[in-house]
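One structure below.
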Amino acid sequence: MPNVLVFAETRGGALRKVALEAVTAARQFVDAAGGGEVHAIVFGPAGIAGKSDALAQHGADAIIAVENDAFSGYPRESIAATIADRAKTGGYRAVFLGFSAQGRDLAPRLGAKLDAPIASDVVGVSAEGDAIIAKHPAYANKVIVTLKVTGPLAIVSVRPSAFTAAPNAKSARAESMQPSADPGAERVKVTSLEEGAKGRPDLGEAQVIISGGRGLKAADGFKIVEDLADAFGNAAVGATRAVTDEGWRPHSDQIGQTGRQVSPQLYVAVGISGAIQHLAGMRTSKTIVAINKDKEAPIFKVADYGIVGDVFEIVPALTEAVKQAKGK
Ligand SMILES: Cc1cc2nc3c(=O)[nH]c(=O)nc-3n(C[C@H](O)[C@H](O)[C@H](O)COP(=O)(O)OP(=O)(O)OC[C@H]3O[C@@H](n4cnc5c(N)ncnc54)[C@H](O)[C@@H]3O)c2cc1C
């Protein structure tokens, strides 16, 4: 029966949504493989163990806390060395983690340290005998590739929001572990951190994204997008590359092949044509709503709901409807 180790990602001393999604994916794999344990390893400042109960609520059988104030950030060399040591001695079939910025950095480090194969950006996982069967989108999300991963230990990174964090309460054992390498002696140090839009969720974590394109005409046009996001309350704002290249929005808002890849519950595309490079970043969203005055716009091919019309008329009306529905 395979056991799986999960890197439970934190930021600023708090668990991230992708940590619970990775635990959910690991649980699904372990159950599909006939049972086994899911062990979540969490790095954070003193007290992180006490803030990790959600991992047990989502299916972790053990929570291994590695506490050190340097883990408020992401000391990559220390984290990679510690996970690799645990993976070597714990008899695990796989290490699961998010395909987030941290996960993209960490997975190859673990692959190299453990001489293990990596399945990246995974949106579905199951078992076939001793093999891990992983599905991941390719060619700008136009096809889903099925990978069969063999060998004693593998690294599996899961796409943020592809697995819905599912409650599955366990009475998890608590363990603590010392870091294998001093997190204060990193050769790569973060010297500054520039925060994105304040007061809005991160694009990778948001359940609702309102995204704007060149159809908004100018930076000021984004006011209607911001208003709709405010009406939802918990929505993030995204943009096309045409928009970020114009300087209407920061590059951190860009969604697509060369921007962020997102899979929210709801993606509202406002004045976006639906170029293949944009679709590459959002077509796996659960529900897509597109508003465009051109009924032939390619965005309508991937949309679940399409509204043909002028964004400056439609979006304020939608904002009012959302406010009313939410009793605002
Ligand atoms: C190598 C490469 C990488 C790229 N990476 C990315 C990427 O990561 N992300 C990305 O987004 N793009 C990317 N692009 C650019 C991409 O090809 C498109 O140019 C871009 O996505 C178009 O942005 P847009 O939809 O905002 O603008 P447009 O294509 O100009 O579309 C604007 C749309 O708004 C509609 N519209 C106009 N006025 C109104 C109105 N009043 N009401 C309603 N609708 C209106 C129009 O009908 C049109 O469909 C990349 C391109 C290359 C070559």
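We did not get these values from a lab; they are worked out from the coordinates using the rules stated. Computed from a prediction, not measured in an experiment: that's the story for all the values here. Backbone-built Cβ (ideal geometry, glycine too); neighbour counts: all protein chains shown.
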#### Entry: Amide H partners (placed H, <5 Å) of I307, local residues excluded
A290, I291, N292
## Note on the structure
Inter-part gap, Cα centre of region 253-280 to Cα centre of region 174-209, in whole angstrom, is 24 Å
### Query
Length gain on complete extension for the stretch F312 to K295, per 0.36 nm per residue less the alpha carbon to alpha carbon distance?
4.5 nm
### Query
Using alpha carbons only, how many degrees (0 to 90, rounded to 10) separate the axis of helix 17-32 from the longest principal axis of the chain?
60 degrees
### Task
May I ask you to order 102-111, 133-142 by the average number of other C-beta atoms within 10 Å around their residues, highest value first?
102-111, 133-142
### Message
So if I average 1/r over every pair of distinct C-alpha atoms in the chain and take the inverse, what Kirkwood radius in Å does that give?
### Response
20.8 Å
### Message
For the ranges 217-226, 36-45, what's the packing order if you count other beta-carbon atoms within 10 Å of each residue, average per peptide, and put the highest first?
### Response
36-45, 217-226
### FRET efficiency, 1/(1 + (r/R0)^6) with R0 45 Å, evaluated for A321 and D130 via beta carbons
0.30
### Message
What do you get for the angle between helix 101-114 and the principal long axis of the chain? Use alpha-carbon atoms, 0 to 90 degrees, nearest ten.
### Response
30 degrees
#### Entry: Charged-residue dipole, Cβ positions (Lys, Arg, Asp, Glu), region 208-325 about Cα centre, Debye nearest 20
360 debye
### Task
Report the one residue of G98, I79, L15 whose Cα lies farthest in the direction of the positive end of the charge dipole of region 4-185 (charges on C-beta: Lys and Arg +1, Asp and Glu -1; origin at the Cα centre).
G98
#### Entry: Prolate/oblate/rounded label for region 214-266 (Cα gyration tensor, a/c 1.5)
oblate
### Message
Just to be sure I understand the curve: with the Debye formula and one point per C-alpha of region 208-325, what is log10 I(q)/I(0) at q = 0.12, 0.14, 0.20, 0.21 Å⁻¹?
### Response
-0.34, -0.48, -1.05, -1.17
### Query
With a 10 Å Cβ neighbour count serving as the proxy for reagent exposure, in which order, fewest first, do S285, S72 appear?
S72, S285
### Message
I'd like the orientation of helix 311-325 relative to the chain: the angle between its Cα long axis and the longest Cα principal axis, in ° from 0 to 90, rounded to 10.
### Response
60 degrees
### Query
Any idea which of S285, A218, A235 is furthest toward the positive side of the dipole for region 208-325, if Lys and Arg beta-carbons carry +1 and Asp and Glu beta-carbons -1?
S285
### Task
Could you check what % of the DSSP bridge pairs in region 4-185 are antiparallel, to the nearest 5?
35 percent
### Nonlocal amide H pairs with E186, under 5 Å, H built at 1.01 Å
none
### Message
Rounded, prolate or oblate, given the Cα gyration tensor of region 1-133, with a/c below 1.5 counting as rounded?
### Response
prolate
### Message
Against the empirical 2.2 N^0.38 Å scaling, what ratio does the C-alpha Rg of region 165-262 come to?
### Response
1.51
### Query
Taking 0.36 nm per residue of separation and subtracting the Cα-Cα distance, what length does fully extending D115 through Q178 add?
20.4 nm
### Amide proton proximity set for G238, modelled H, under 5 Å, gap of 5+
I210, S211, G212
### Task
Run the dipole for the chain about the Cα centre, Lys and Arg Cβ at +1, Asp and Glu Cβ at -1, nothing else charged, and hand back the magnitude in debye, nearest 20.
380 debye
### Query
If you plug each phi of region 218-230 into the Karplus form 6.51 cos²θ - 1.76 cosθ + 1.60 with θ = phi - 60°, what whole-Hz ³J(HN,Hα) values come out, in order, with x for Gly and Pro?
6, 4, 4, x, 5, 4, 5, 6, 4, 5, 5, 4, 5
